[in-house]
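Asker: Below: one structure in structure tokens.
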Ligand code: UDP
Ligand code: MG
């Protein structure tokens, strides 16, 4: 029954004080299986790698891959998937926000046939109202714009079957939006539920600007509807503009309007067209920047060291 290899993939960025407490609770659970714990050190500058290296010397099942610099959480996850050897691969945060106790339940669901087992948050008490509201809005918006359905209240704490891991680690994308890509794969899915706790130590790496970038990456990875919206806005603004032209020409030649009073109309027109144009250019720019980053074909990350990995 337990004749399989379990990989735990953990991206870490400046998590020095979380590593030992995390391993303490994680090891007591994964010890019951054949396991490997793979840390992807995403350019930490606080000595996180030193802590992991010390532990990895004593326990060969604990492995470390270090990036040259910070390449980002999603890239670290993809790298983790490509190094993981397990038949089932679980990704989780290093900060103990994702409790190891639900791992046996995830494995049970996987053994019942699910290819993806999401750990879903029951409550988000520890998140601010702002984060809850913006997250809810984002998922509604995302599901409206794209054809994939991303489950709500689900983060990057999930179990993937080997087949799904192969698919994700072969992705050529430079800004992979894993939550969407996992859903896009269409694998048979299941859920387990947990309460999300406060971070054990340190603070979140997802600032508001990072969250906005993350959301924009998500939208532009899975939908071209914003481009269509730009077209619609262009048509709408153009129609108003056309009406304005007729009004101005007729007014000039046939209506007794003293011409100078047209100031408000001109001002509103310029502002409106200007606004629509800027939004449209912005939307197009988002997609162009995606194309640009892809055509450069740079490596997704550069490695500094590998420990306990052959
Ligand atoms: N992380 C990373 N690279 C980054 C930012 C975060 O590898 O550039 C790691 C971080 O160490 C943690 C996980 O990704 O293990 C999730 O980050 P965080 O806990 O800050 O996000 P939150 O849980 O607040 O959404
Ligand atoms: Mg966290």
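The values are calculated or read from the model by the stated rules, or taken from the named source; none is laboratory data. What you see is a predicted model, and the numbers here were worked out from it, not measured in a lab. Cβ placement follows ideal geometry from the backbone for every residue including glycine, while neighbour counts extend to all protein chains displayed.
Asker: Considering only residues of segment 87-104 that are closer than 15 Å to residue 24 by Cβ and assigned to a helix (DSSP H, G or I), which is nearest to ligand 2 (Cβ to nearest atom)?
Answerer: Here the residue is 100.
Asker: Do we find that residue 214 is in a helix (DSSP H, G or I), surrounded by 16 or more Cβ atoms within 10 Å (Cβ to Cβ) and out of contact with any helix residue (DSSP H, G or I) (no Cβ under 6 Å at 6 or more places or on another chain) in this structure?
Answerer: Yes, satisfied.
Asker: Among (1) surrounded by 19 or more Cβ atoms within 10 Å (Cβ to Cβ); (2) in a helix (DSSP H, G or I), there is one condition residue 159 misses while meeting the rest; what is its number?
Answerer: (2)
Asker: Take the conditions at pLDDT 90 or above, part of a helix (DSSP H, G or I), away from ligand 1 (no atom under 13 Å from the Cβ) and surrounded by fewer than 17 Cβ atoms within 10 Å (Cβ to Cβ) and apply them to residue 136. Does it pass?
Answerer: no
Asker: Continuing with this model, one more query. Within segment 72-82, is there a residue that is closer than 30 Å to residue 293 by Cβ and in a loop (DSSP other than H, G, I, E, B)?
Answerer: Scanning segment 72-82 turns up at least one residue that is closer than 30 Å to residue 293 by Cβ and in a loop (DSSP other than H, G, I, E, B).
Asker: Something else: For segment 164-182, enumerate the residues that are within 12 Å of the chain's Cα centre (by Cα) and assigned to a helix (DSSP H, G or I).
Answerer: Scanning segment 164-182 gives 178, 179, 180, 181, 182.
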